[in-house]
Amino acid sequence: MGSNFHTPWVNSPAAGYKTWGSTSVNPTWAEFDKALTYLKNIIVGCEGALTWDSGTGVLAWDAQLTISYNRTDGQACHNHVAAGNVTLAAGQFAYCDLSETNGATITVVAGTITTGTSSNFITFNRLVLAYRSATSGTLHLSSLPQAWVDITAGTSGSAGTSGTSGTSGSSGTGGTSAAERNADLVFYPEYPGAVLTTSGTSGNDPGTSGMTSDSEVVSNVRHNYYEWKSSATSLQSYDIALQIPIPFNFTGFQAGTSGALTVDIKTEEVAGTNNDIDITIKRDGQAATSASVLSSQRSTSAGAWLTVGFDETDAVLAATTSGETLDADIRLYSMASKYARIGKINLKIKVQ
């Protein structure tokens, strides 16, 4: 017998040795019980999306994996795997070794199955997550519970189905295509996830109007907007700070000149003397702001709505990934009671 879960039996190692005494028997049963405790009812949850690249063999998860199980003292225990990936060659399996420390962060690695030798996948505290077939290269999920998306073939699959031949499935039945498609993520004032915040050092004197929100219809098109207006004799500014959650099925921004992220603006005057607008974007948690900051934006015709925007090649947008938060800071300037308005924000994205 092998020694995956127990101390191998020894035949009378010394004179007077009691083969069936507690000293020799108990360790075997204790370790067997420990093995059973680990192996039953392990729960694996994924907070994000699983993707599988059948071309490169990369299995990835874009958010934390949480693993719940019974440790050897019978207590419930959590382990965590940070967002990441593992590369599987044909005949390899993805696994992690559980830790007795509650809340421990563990890692997923690849192992190779070799027949005719001691098993390296049925081993105490080792949890197998997925296996890549040695013959077809198909991914088979073991403990990962949810559907995965094949980013090479544009298909999806789940435990018990292949998903790598242009079809999808769940529990042996047909499914839907996971091909990439275009979508719009639209925000109208008053924006969800936005706050109003003072800016600058000049006191932000609003004069008689300050920051307001309202709506107007121009040529049968409704425009909801924020308006900043100050009667002060020097430019006063106010910020609208918006946080935009990027969906977990996001794959990138659509191509187009100044079309990936657009903002509708309106100023009372064309000149920037009395009204102006700055727009800055960045990935939340990152210091770098957009390489193409939209500063000194104004209507090209006095009092007319204008759409301005960023290309998909902008450094911040090009680096944005699913599950992140995009920060947009919109600074409105006004003096002499000339308004600056900000309206709809639109993200033209690609999703799977």
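The values are calculated or read from the model by the stated rules, or taken from the named source; none is laboratory data. It should be emphasised that the depicted structure is a prediction, and the values quoted were computed from it without experimental measurement. Because the Cβ atoms are built from the backbone with ideal geometry, glycine has one as well, and the counts that use them run over all protein chains shown.
Can you find a residue in the stretch 314-329 that is within 20 Å of residue 209 (Cα to Cα) and either buried (at least 18 other Cβ atoms within 10 Å of the Cβ) or among the basic types (Lys, Arg) (or both)?
Checked the stretch 314-329: no residue is within 20 Å of residue 209 (Cα to Cα) and either buried (at least 18 other Cβ atoms within 10 Å of the Cβ) or among the basic types (Lys, Arg) (or both).
If you scan the stretch 310-326, which residues turn out to be of a type in the set (A, V, I, L, M, F, W, C) and under 23 Å from residue 193 (Cα atoms)?
Correct list: 310, 316, 317, 318, 319, 326.
What pairs come out if I take residues in the stretch 269-286 that are assigned by TED's automatic domain parsing to the domain that holds residue 330 and surrounded by 17 or more Cβ atoms within 10 Å (Cβ to Cβ) and pair them with residues that are basic (Lys, Arg) and part of a loop (DSSP other than H, G, I, E, B) whose C-beta lies under 7 Å away, six or more apart or interchain?
Note: pairs meeting the criteria are 269/338; 274/338; 275/298; 275/338; 276/298; 277/298.
Check 296, 258, 301, 334 and return the single one that is surrounded by fewer than 17 Cβ atoms within 10 Å (Cβ to Cβ), within 28 Å of residue 209 (Cβ to Cβ) and touching a strand residue (DSSP E or B) at 6+ places or on another chain (Cβ under 8 Å).
Selected residue: 296, the only one of 296, 258, 301, 334 that is surrounded by fewer than 17 Cβ atoms within 10 Å (Cβ to Cβ), within 28 Å of residue 209 (Cβ to Cβ) and touching a strand residue (DSSP E or B) at 6+ places or on another chain (Cβ under 8 Å).
Any residue at all in the stretch 67-85 that is among the hydroxyl-bearing types (Ser, Thr, Tyr) and within 21 Å of residue 56 (Cα to Cα)?
The answer is no; no qualifying residue exists.
Consider residue 293 against the criteria (1) free of Cβ contacts under 8 Å to residues at least 40 places away in the same chain; (2) out of contact with any helix residue (DSSP H, G or I) (no Cβ under 9 Å at 6 or more places or on another chain); (3) under 30 Å from residue 51 (Cα atoms): it satisfies all of them except one. Which criterion is unmet?
All conditions pass for residue 293, except number (3).
Which of the residues that make up the stretch 228-259 are of a type outside the set (S, T, N, Q) and either outside the structural domain of residue 293 (by TED's automatic domain parsing) or within 16 Å of residue 317 (Cβ to Cβ) (or both)?
Hits for the stretch 228-259 are 242, 244, 245, 246, 247, 250, 252, 253, 255, 256, 259.
Quick one: in the stretch 43-68, which of the residues that are of a type outside the set (A, V, I, L, M), surrounded by fewer than 20 Cβ atoms within 10 Å (Cβ to Cβ) and assigned to a strand (DSSP E or B) is modelled with the lowest pLDDT?
46
With respect to residue 311, is the statement that it is in contact (Cβ under 8 Å) with a residue 40 or more places away in the chain, of a type in the set (Asp, Glu), farther than 24 Å from residue 351 by Cα and surrounded by 15 or more Cβ atoms within 10 Å (Cβ to Cβ) true?
Against the criterion (in contact (Cβ under 8 Å) with a residue 40 or more places away in the chain, of a type in the set (Asp, Glu), farther than 24 Å from residue 351 by Cα and surrounded by 15 or more Cβ atoms within 10 Å (Cβ to Cβ)), residue 311 does not qualify.
On the given criteria, is residue 40 touching a strand residue (DSSP E or B) at 6+ places or on another chain (Cβ under 8 Å), of a type in the set (Lys, Arg) and modelled with pLDDT under 90?
Yes, satisfied.
Among the residues of the stretch 104-135, which ones are surrounded by 14 or more Cβ atoms within 10 Å (Cβ to Cβ) and touching a residue at least 60 places away in the same chain (Cβ under 8 Å)?
Result: 123, 124, 125, 127, 129, 130, 132.
Which residues, taken from the stretch 302-327, are under 16 Å from residue 262 (Cβ atoms) and part of a strand (DSSP E or B)?
306, 307, 308, 309, 310, 326
For residue 95, indicate whether it is more than 21 Å from the chain's Cα centre (by Cα), modelled with pLDDT of 80 or more and surrounded by 12 or more Cβ atoms within 10 Å (Cβ to Cβ).
When the stated conditions are applied, residue 95 passes them.
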